[in-house]
Amino acid sequence: MQSDPARPESLVRSVHRALERHVRTGDIALDATCGNGHDTLRLARQVGDTGCVHAIDIQDEALTQTRLRLQAACLGTRVELHRANHADLSSVLPASVRGRLRVAVFNLGYRPGSDRCIVTRPETTLAALQACCEWLGGEGALSVVAYPGHPAGAEEAARIGQWANDLIPRGWRASWTCPPDGRRPAPRWLWLVRQ
Ligand SMILES: C[S@@+](CC[C@H](N)C(=O)[O-])C[C@H]1O[C@@H](n2cnc3c(N)ncnc32)[C@H](O)[C@@H]1O
């Protein structure tokens with residue numbers, strides 16, 4: 001996740017710390033909203049040269065930005081880019097990945113610097129999250145940063161909360177983190193791990 005003025009540093013640090021602890025060399029990771037490629041690049045570093053990252057975005061420009069960022073870091077070969085709706089991830093990811101994803105990362109909302117009409121939507125986000133549950137391996141994790149500060153974002157965050165609560169009795173551990181900066185409504189981060 002990139003740092004920008006709209007995103008509190010403490011939340012960014014929490015997400016990065018969790019990913020650094022969780023993702024190991026050789027893992028397979030998914031960035032379901034690659035945007036400008038900051039998260040994809042971090043994941044590419046973490047999986048090492050024996051791992052792989054699949055990065056999805058619905059915008060051509062997002063894939064271009066991500067590709068350029070990876071090339072600048074000489075890490076393009078660790079990442080497979082997919083122009084797709086993440087709701088369709090089950091037909092996008094190679095079958096060999098099913099049940100082996102170590103982590104899936106969602107940074108919701110719109111791509112900084114782009115058309116704000118191209119934004120994640122509750123229906124497709126929930127479809128993608130649900131699909132991820134089938135693609136994650138044992139102890140696999142989902143990281144979701146949601147932005148309730150825009151109209152669709154409030155509904156999206158609320159519905160993700162309900163969805164995550166329903167997973168807890170089914171063997172998942174969920175934690176929500178909201179930054180302590182007093183902003184209303186603040187971005188929030190869901191960390192969900194299969195037990
Ligand atoms: C906040 S940005 C992601 C930022 C990115 N993680 C980074 O590190 O730069 C959200 C991204 O989600 C993408 N997006 C929106 N709806 C999508 C969908 N249904 N499927 C895939 N990507 C989508 C947008 O195009 C946008 O690039």
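Only the coordinates and a few stated rules stand behind these numbers; no lab work does. Since this is a predicted model, take the numbers as computed values, not measurements. No Cβ is skipped: glycine too gets one built from the backbone with ideal geometry, and neighbour counts run over all protein chains shown.
Springs between Cα atoms under 10 Å define the GNM used for the chain, and in it the highest mean-square fluctuation of L101, L129, L167 occurs at L167. Among A29, A95, A152, the largest mean-square fluctuation in a Gaussian network model of the chain (Cα springs under 10 Å) belongs to A95. Cβ-to-Cβ counts within 10 Å put T64, T120 in ascending order as T64, T120, the fewest first. Between S10 and C117, the modelled labels are 3.8 nm apart [label points 7 Å from Cα along Cα→Cβ].
The alpha carbons of the stretch 71-151 stretch over 37, 33, 22 Å along the principal axes, in descending order.
For the stretch 92-195, the dipole from Cβ point charges (+1 on Lys and Arg, -1 on Asp and Glu) about the Cα centre works out to 180 debye, to the nearest 20.
Taking amide H as placed 1.01 Å from N in the peptide plane, V79 has its amide H under 5 Å from the amide H of V53, each at least 5 places away in sequence or on another chain. Only Lys, Arg, Asp and Glu carry charge here, each on its Cβ (+1 for the first two, -1 for the last two); on that basis the stretch 9-194 has a dipole of about 460 debye about its Cα centre. Counting charges near H22 (Lys, Arg +1; Asp, Glu -1) among other residues having Cβ under 10 Å from its Cβ returns a value of +1.
Across all Cα atoms of the chain, the radius of gyration (one decimal) and Dmax (whole number) stand at 15.3, 44 Å.
Out of every Cα pair in the stretch 1-117, what percent are spaced more than 17 Å from each other? Tail fraction, whole percent: 52.
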